[in-house]
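**Q** Structure below; questions to follow.
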Amino acid sequence: MAKLTDPADLIRVVADPLRLALLGRAAEGRVAIDEVAEAFDVPKRRVAEAVGKLRATGLIDDELRLADDQLQQIVKSLPTAAGAAAAITNGPWTSDEKQVLARFFSGSRLVEIPASRSKRRLVLERLAQEFEPGFRYQERDVNFTLQLFHSDYASLRRYMVEEGIMTRAEGVYWRTGGRYPTSTDQA
């Protein structure tokens, strides 16, 4: 087997529990085949074969230590998350706020709900842009819209009410806060 260049190949190699344990030992220092065989109650030959496969892929060097440089190359080849879609960052946001939105969105999906109240408020204000002021929405319609952005739509809906961005009465919601885009924000 050649040196790993594809992250999927790495997963295939380390999916074996013995090879994964060997990598853990190699991260601590030199792998001792006898000790690993005894610790895991497997034949020395099986451990030696697993070490051989890890050496062939470049994950363990000739001194039976973890090959950090090979791991770093794999990390560099991993795909990066898509940036926030332009539709997310267009609007009444400062450049700093656009950076915060870009951190929490990948494409048009909210990657995580921010723990920080100020950042969460900004994300909620962005989501509020999906609701027309003055229009009444049934809860299922609010859920549907929020679910397009994140699977935990119930938390988003609750936060929007708590922050005064939306008001709820008798299962009906309407937008009562947040920022309102101007005609220049849409450009």
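Laboratory data are not the source of any read-out in this text; all were calculated from the coordinates shown. Since this is a predicted model, take the numbers as computed values, not measurements. Backbone-built Cβ (ideal geometry, glycine too); neighbour counts: all protein chains shown.
**Q** Tell me, what is the percent relative contact order of the chain, built from C-alpha pairs under 8 Å that lie six or more residues apart?
**A** On the way: 207 pairs, mean separation 31.6, N = 187.
Rounded, it is 17 percent for the chain.
**Q** Follow-up. When all C-alpha to C-alpha distances in the stretch 86-175 are sorted into bins of 5 Å, what percent of pairs does each bin hold, rounded to whole numbers?
**A** P(r) for the stretch 86-175, in whole percents per bin: 3, 14, 28, 25, 18, 9, 2, 0.
**Q** Read phi for every residue in the stretch 150-155 and hand back ³J(HN,Hα) as whole Hz from Karplus 6.51 cos²θ - 1.76 cosθ + 1.60, θ = phi - 60°, with x for Gly and Pro.
**A** Per-residue couplings from phi come out as 7, 5, 8, 5, 5, 5 Hz.
**Q** At 222 nm, what value in deg cm²/dmol follows for the chain if DSSP H runs of at least 4 each add -39500 (n - 2.57) and the sum is divided by all its residues, to the nearest 500?
**A** Working: 10 runs with 97 residues, N = 187.
It comes out at -15000 deg cm²/dmol, rounded to the nearest 500.
**Q** Principal axis lengths of the chain from Cα atoms, whole Å, largest first?
**A** 73, 36, 25
**Q** As an exercise, find the ratio Rg/Rh for the stretch 7-77 from alpha-carbon atoms, using the Kirkwood inverse-distance average for Rh. Walk me through the intermediate numbers first.
**A** Values: Rg = 11.6 Å, Rh = 12.1 Å.
Here Rg/Rh amounts to 0.96.
**Q** Nearest 0.05, what FRET efficiency do Arg179 and Thr80 give at R0 = 25 Å with Cβ-Cβ as r? Can you show the working numbers first?
**A** Numbers: r = 29 Å, r/R0 = 1.18.
Efficiency at R0 = 25 Å is approximately 0.25.
**Q** In degrees, nearest 10, range 0 to 90: what is the angle between the Cα axis of helix 117-128 and the longest Cα principal axis of the chain?
**A** It works out to around 60 degrees.
**Q** Amide H of Val111: which non-local residues (sequence gap of 5 or more, or other chain) have their own amide H closer than 5 Å, using H built in the peptide plane?
**A** The list, which skips near neighbours in sequence, is Phe105, Ser106.
**Q** Turning to a different aspect of this structure: Check cross-link reach from Lys98 to the aspartates and glutamates: straight Cα distance under 13 Å, and skip same-chain residues fewer than eight apart.
**A** Partners found: Glu125, Asp185.
**Q** When only C-alpha pairs under 8 Å and at least 6 residues apart count, what is the relative contact order of the stretch 7-77, in percent?
**A** The value is 33 percent.
**Q** If R₀ is 41 angstrom, what is the calculated FRET efficiency for the pair Ser118 and Leu20, using the beta carbon separation as r and rounding to 0.05?
**A** On the way: r = 41 Å, r/R0 = 0.99.
Between Ser118 and Leu20 the formula returns 0.50.
**Q** So what J values fall out for the stretch 25-33 if you push phi through Karplus, 6.51 cos²θ - 1.76 cosθ + 1.60 with θ = phi - 60°, rounded to Hz, Gly and Pro as x?
**A** 5, 5, 5, 7, x, 5, 7, 9, 4
**Q** So, one more: With an 8 Å Cα cut-off and a minimum separation of 6 or more residues, compute the relative contact order for the stretch 86-175 in percent. The partial results should precede the final answer.
**A** On the way: 82 pairs, mean separation 24.0, N = 90.
Computed over the stretch 86-175, the figure is 27 percent.
**Q** Also, quick follow-up: Report the label-to-label distance for Asp141 and Gln99 in nanometres (one decimal), using points 7 Å from each Cα along the Cα→Cβ vector.
**A** 3.8
**Q** When 1/r is averaged over all different Cα pairs and the result inverted, which Kirkwood radius in Å belongs to the stretch 44-107? Present the calculation step by step, with values, prior to reporting the outcome.
**A** Working: mean 1/r = 0.0657 Å⁻¹.
The Cα-based Kirkwood calculation yields 15.2 Å.
**Q** A follow-up question, please. Excluding same-chain residues fewer than 8 positions from Lys76, which aspartates and glutamates have a Cα within less than 14 Å of its Cα?
**A** Reachable aspartates and glutamates: Asp6, Asp68.
**Q** Explain nothing, just compute: Karplus ³J(HN,Hα) = 6.51 cos²θ - 1.76 cosθ + 1.60, θ = phi - 60°, for every residue of the stretch 97-105 in order, whole Hz, x for Gly and Pro.
**A** So the Karplus estimates, Gly and Pro as x, are 5, 4, 5, 5, 4, 5, 5, 9, 10 Hz.
**Q** Would you give the gap between the C-alpha center of the stretch 118-142 and the C-alpha center of the stretch 1-74, rounded to a whole Å?
**A** Going from one Cα centre to the other spans 50 Å.
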